[in-house]
Amino acid sequence: MNFLYRISVFSVILLSCLHSLSAQNRVTLNGYIRDAGNGEDLIGAAVRITATSTGAITNTYGFYSISVTPGTYTIEFSYVGYSSEVRKIELSENTRLDIELSSERQQLDEVIVTATGDNVRNIEMSTARLDIKTIKSIPPFLGEVDVIKSIQFLPGVSTVGEGASGFNVRGGGVGQNLVLLDEAPVYNASHLFGFFSVFNPDAVKEVKLYKGGIPARYGGRIASILDIRMKEGNSKNYEVNGGIGTVFSRLSVEGPLIKDKASFIVAARRSYADVFVKLFTDVLSDGAGLNFYDVTGKANYNINDKNRIFVSGYLGRDVFRFDANQGFNWGNKTGTIRWNRLYNTRLFSNFTAFFSDYDYSLGFGDFELDAFEWNSRISTANFKPEFNYYVNNNNELSFGGELIHYRFSPANARGISNGEVTNISLDNKMGLEYALYMSNEQKFGSNLTLSYGLRYSGFNYLGPGRIYEYGNAERPGLRRPVTDVRNAGSGEVIANYGFFEPRASFNVLLNDKNSIKGSYNRTVQYIHLVSNTVASNPLDVWTPSTNNIEPQTGHQVALGYFKDLGPRNMFETSVEAYYRGTENQIDYIDGADILINEFLAGDLLSGIGRAYGLETYIRKKEGRVTGWISYTLAKTELQVDGINNGNWYPTRFDQRHNLKIAGFYELNDRINLSANFTWLSGTPTNFPDSRYIIQDFVIPYIYQDVRNGVRVPDYHRLDLSAIIEAKKTNRKGELKKIQGEWVVSVYNVYSRRNPFSIYFSQSDERRPAGTPAATSATRLAIIGTIFPSVSYNFKF
């Protein structure tokens with residue numbers, strides 16, 4: 001197989017490079033940095049030799065490695081929100097040193113949002129990391145903190161409105177974001193049509209978003225990567241966390257299986273609207289249901305000092321049943337198994353195998369005489385080997401690969417009419433994606449750092465199935481006719497693609513408080529989310545690149561200025577400009593039929609896109625008052641032959657202005673207040689510009705060939721919240737076994753009716769003969785009023 005051959009050649013070349021790069025007459029200090037309270041790995045902790053500029057940052061698993069000449073050194077270990085630890089160490093040979101850092105109460109109460117380490121010195125740009133403490137500080141919707149809603153307060157991130165699934169990054173679509181939960185892709189990250197995400201905050205350790213400068217280890221999407229890491233579980237003590245909220249309740253249990261060696265965490269949530277409704281009415285009788293639930297779990301085991309394994313999984317579902325036979329539901333399943341191995345003091349590996357499955361079903365009717373049912377799913381199985389080699393203090397080499405098998409089931413569907421069954425199912429589709437990558441982060445002196453890498457990815461569209469060939473439309477923008485049909489055999493390669501994806505970034509350190517950073521990345525996306533609705537919804541269809549649908553490609557360049565201000569670098573500021581160009585962007589002919597359409601490719605159009613903008617960000621990270629302000633000025637456009645007379649037009653996600661303000665105030669040791677304000681430009685849409693009147697009925701239609709030519713009104717909203725901790729000690733001064741807090745929040749304080757969409761309708765009032773039919777425009781607001789809520793969280 002070509003992929004295995006490439007791996008073999010790649011490995012031989014790589015091992016030769018590693019041998020030649022290995023440093024001589026040096027010793028290595030390595031180990032793991034963990035939380036002293038629960039044993040969790042600390043991602044991005046700093047290790048610094050105080051007498052020099054030499055240092056290192058822990059990787060995703062808390063591992064670090066530093067090579068120095070033999071001698072005695074004073075070494076500082078630090079992490080934001082934790083007490084630093086200083087050790088004086090004599091290094092005459094390779095040494096393993098694991099460190100546990102203790103959290104500082106004062107700092108833990110402050111908001112912690114970091115741009116992956118030091119704002120000025122780190123080479124990463126267009127990247128933000130949020131830990132769970134930050135996420136829980138943002139005013140929650142209906143009292144429930146949410147991962148997806150939290151990242152929407154970052155510069156360059158937005159949504160088309162309340163109740164919209166997913167998020168948009170730098171003008172990209174929802175389907176152009178790769179969302180990972182412990183490495184496994186999540187194809188629909190929403191509960192309750194986008195009001196909540198599928199990620200239980202009690203099980204989340206860290207959230208990291210790559211908007212640009214995407215490392216070579218990631219691929220498969222052209223807009224962003226959202227990497228969500230789960231907790232490993234408390235390896236020292238048993239712990240129970242939970243909450244009772246307005247919409248749902250949650251409970252998590254974690255603790256050691258073997259103290260300091262193996263641990264677990266299990267977290268579950270369920271909404272209970274249907275439970276309360278059944279207490280007061282029979283509207284949900286006869287098998288009806290209205291709920292969502294999810295269960296998240298993870299366990300890990302330290303086999304020895306060099307080997308550690310992790311197993312994690314997720315199961316969640318939304319259920320909307322009108323009775324026992326009618327309704328719809330959707331859900332995700334993921335599973336991940338990882339093996340970390342430390343080969344020597346400088347070579348670290350991670351082997352990951354994981355699967356992901358997303359499905360939905362829809363049905364209505366009596367299922368005997370007249371009915372309809374439809375099931376759809378996308379399933380993937382992945383294998384991903386990764387290596388980090390710490391060549392020396394100036395070079396960190398990363399390399400690996402990825403193999404992904406896709407199975408698309410667009411429609412298993414049937415209709416029943418007068419007892420006669422008609423099967424309208426579509427063929428399953430198969431695909432195989434593969435990639436190899438190598439990158440190096442290299443320091444040149446103390447002021448210049450470069451990161452450069454190359455990823456090669458490929459995709460095979462596989463049989464069996466019917467293969468269609470399409471001719472040209474009568475004119476651009478119309479449906480393409482089928483010209484030929486044939487059957488492909490099982491495993492037959494129907495179409496194949498391959499691309500090189502270069503990645504590069506730099507950091508020029510002007511001084512201790514100022515730096516200039518730049519990045520370039522080329523990305524390729526082989527699967528496509530087909531949706532022509534205002535916002536992504538659970539019934540959208542994923543489809544692979546085929547002989548008729550080419551992969552989407554994108555290239556992005558970004559340049560930024562980063563500055564720290566004030567004593568102890570209290571303020572972080574940054575300004576970033578970016579430009580992204582894309583090819584083979586999918587759009588649709590007018591009246592496209594995208595659901596259960598055997599000839600879907602004939603209704604799709606492709607073109608080029610461009611997105612560019614300026615992002616500004618300032619954050620105060622110390623003191624009783626903390627927070628940040630971000631503002632993005634951006635533009636996103638498409639050009640597709642057959643749409644808008646071939647001229648550029650704004651995408652549905654184009655928002656010219658994006659202002660976010662988040663503020664946090666520590667009133668005292670028990671009360672923390674927070675507020676956030678959002679203002680977004682209205683999104684583009686289409687309004688009818690003409691109408692027919694037939695027998696006094698008005699039929700609006702769009703006469704001009706203009707796409708997204710008008711905008712809905714601007715979106716703005718203010719939210720407030722307060723976290724009130726219960727007393728931690730009893731009258732005797734003894735620590736209570738159960739610790740609790742109340743979360744009081746007010747969503748949409750001034751009852752702004754933000755438009756999700758605007759639709760037009762005809763008045764049903766009687767009118768005199770000859771009087772023109774009256775029509776009106778109606779603003780649809782998903783949440784058009786103030787929403788107060790109260791929830792209670794506990795821990796013991």
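The values are calculated or read from the model by the stated rules, or taken from the named source; none is laboratory data. This is a predicted model, so every value here is computed, not measured. Glycine gets a Cβ as well: all are built from the backbone with ideal geometry, and neighbour counts include every protein chain shown. These area figures cover heavy atoms from the full protein model, side chains too; ligands, DNA and RNA do not enter into them. Shrake-Rupley method; radii C 1.70, N 1.55, O 1.52, S 1.80 Å.
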Query raised in the report: At a Förster distance of 56 Å, what's the computed FRET efficiency of A473 paired with L735, Cβ-Cβ distance as r, to 0.05?
Result: 0.15
Requested in this report: Report the paramagnetic label zone for V485: residues of the range 425-449 whose backbone N is under 14 Å from a point 7 Å from Cα along the Cα-to-Cβ axis.
Outcome: 425-427
Report task. Only residues of the range 363-389 count here: report those whose backbone N is under 19 Å from the spot 7 Å along Cα→Cβ of D323, or say none. Result -> 363-374
**Report entry** Furthest towards positive pole of dipole, N392, F348, G365, structure part the range 335-397, Cβ charges
**Finding:** N392
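Please work out the Cα convex hull volume for the chain and give it in Å³ per residue.
Per-residue hull volume (Cα only) is 189 Å³.
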Requested in this report: Go through the range 507-518 residue by residue and turn each phi into a ³J(HN,Hα) via Karplus (6.51, -1.76, 1.60, θ = phi - 60°); whole Hz please, and just put x for glycine and proline.
Outcome: 9, 9, 7, 6, 6, 5, 10, 9, 8, 10, 10, x
Query raised in the report: Residues of the range 489-570: accessible area per residue at 1.4 Å, in Å²?
Result: 38 Å²
Query raised in the report: Using the beta-carbon distance between V710 and N418 and R0 = 45 Å, what value does 1/(1 + (r/R0)^6) give for FRET efficiency, to the nearest 0.05?
Result: 0.50
Report summary line: Relative contact order as a percentage, the chain, C-alpha pairs under 8 Å and 6+ apart, gives 10 percent
**Report entry** Helix-derived mean residue ellipticity, 222 nm - over the chain, DSSP H n ≥ 4, -39500 (n - 2.57), to 500
**Finding:** -1500 deg cm²/dmol
Report task. Work out how much length I724 to I608 would gain on full extension: take 0.36 nm times their residue separation and subtract the Cα-Cα distance, in nm to one decimal. Result -> 36.7 nm
Query - Cα long-axis angle, helix 2-21 against the chain (0 to 90 degrees, to the nearest 10) - result: 30 degrees
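What size of dipole, in debye to the nearest 20, comes out for the range 221-358 about its Cα centre when the only charges are +1 on Lys and Arg C-beta atoms and -1 on Asp and Glu C-beta atoms?
Dipole size: approximately 800 debye.
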Query raised in the report: Per-residue HN-Hα couplings for the range 729-736, Karplus 6.51 cos²θ - 1.76 cosθ + 1.60 at θ = phi - 60°, whole Hz, x for Gly and Pro?
Result: 10, 8, 5, 7, x, 8, 5, 5
Query - Inter-label distance for K306 and V240, nm, one decimal - labels placed 7 Å from Cα along Cα-to-Cβ - result: 4.2 nm
Report task. Please work out how much length the chain gains when fully extended from F794 to R670, using 0.36 nm per residue of separation minus the C-alpha to C-alpha distance, in nm with one decimal. Result -> 43.2 nm
Query - Computed magnitude of the charge dipole of the chain (debye, nearest 20; Cβ of K, R +1, Cβ of D, E -1) - result: 2200 debye
Query raised in the report: With the dipole of the range 647-796 worked out from charges on the C-beta (+1 for Lys and Arg, -1 for Asp and Glu) around the Cα centre, which of P684, Y665, H716 lies farthest toward the positive end?
Result: Y665
Query - Prolate/oblate/rounded label for the range 153-196 (Cα gyration tensor, a/c 1.5) - result: oblate
Report task. Let me know the shape class of the range 154-277, please: from the alpha-carbon gyration tensor, a ≥ b ≥ c as square roots of the eigenvalues, rounded when a/c is under 1.5, otherwise prolate if a/b is greater than b/c, or oblate. Result -> oblate
Report summary line: Checked against the positive end of the charge dipole of the chain (+1 on Cβ of Lys and Arg, -1 on Cβ of Asp and Glu, about the Cα centre), the farthest of G289, N382, Y759 is N382
Query - Built amide H within the under 5 Å cut-off of N94, gap 5+ - result: T28
Query raised in the report: Based on the Cβ-Cβ distance from T778 to S425, what FRET efficiency comes out when R0 is 35 Å, to the nearest 0.05?
Result: 0.40
Query raised in the report: Loop-only check: which GluC sites (Glu not before Pro) in the range 365-437 are DSSP coil with at most 15 other Cβ within 10 angstrom?
Result: E368
Requested in this report: Using label points projected 7 Å from each Cα along Cα→Cβ, tell me how many nm separate N645 and V86, to one decimal.
Outcome: 7.1 nm
Report task. Determine ³J(HN,Hα), in whole Hz, for all residues of the range 417-432 in sequence, where each value follows from phi through the Karplus function 6.51 cos²θ - 1.76 cosθ + 1.60 and θ = phi - 60°; x replaces Gly and Pro. Result -> 10, 6, x, 8, 8, 10, 8, 10, 5, 10, 5, 5, 10, 10, x, 10
Query - Candidate lysines for bridging to K236, where Cα separation is under 24 Å - those fewer than 8 sequence places away on the same chain excluded - result: K133, K136, K205, K259, K261, K298, K306, K728, K736, K737, K795
Requested in this report: Pop a pseudo-label 7 angstrom from the Cα along the beta-carbon direction at both E492 and L633 and give the gap in nm to one decimal.
Outcome: 5.6 nm
Query raised in the report: Going by accessible area, probe 1.4 Å, with all protein chains left in place, what is the ranking of W742, W542, W679, W628, largest first?
Result: W742, W679, W542, W628
Query - Loop-resident sites, the range 711-750, for trypsin sites (Lys or Arg not before Pro), counting at most 13 other Cβ within 10 Å (DSSP) - result: K727, K728, R731, K732, K736, K737
